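I have placed the structure first, in the form of structure tokens, so that the comments after it can refer back to it.
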Amino acid sequence: MELISKIIAVFLYRLNVPRNEVEQFTDQIKGGEFQMLFDSFEAYDVQETRRVSKEEGKAEGKAENLAQTGGEGR
């Protein structure tokens, strides 16, 4: 259980989850409290988030290009 909690902690830190939330979550793992372990987490769809971010990046790039060229688009 200790190894699992460390792996999950690293994963959550990489997702930029606040330290106190990571500690609370990993404490539940160490304590064997699995019944409601994921109740406090929102659903997260990595592929959808990447798709949306990519679209936003393209839109920002187009807006910057228009601003730089003075609205002379192709």
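The values are calculated or read from the model by the stated rules, or taken from the named source; none is laboratory data. Note that the structure is predicted; figures quoted are calculated from it, not measured. Cβ coordinates were reconstructed from backbone atoms using ideal geometry, including for glycine residues, and neighbour counts include every protein chain displayed. Side chains included, ligands, DNA and RNA excluded: accessible areas come from the protein's heavy atoms. Shrake-Rupley method; radii C 1.70, N 1.55, O 1.52, S 1.80 Å.
Here are the numbers:
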read-out	value
So S5, is it in a helix (DSSP H, G or I), modelled with pLDDT under 90 and either surrounded by 10 or more Cβ atoms within 10 Å (Cβ to Cβ) or β-branched (V, I, T) (or both)	yes
Test: residue in region 37-52 that is open to solvent by less than 60 Å² (accessible area, probe 1.4 Å) and modelled with pLDDT of 85 or more	yes
Residue ID - nearest to the chain's Cα centre (by Cα), chosen from residues in region 11-20 that are part of a helix (DSSP H, G or I) and loosely packed, with under 11 Cβ neighbours inside 10 Å	R14
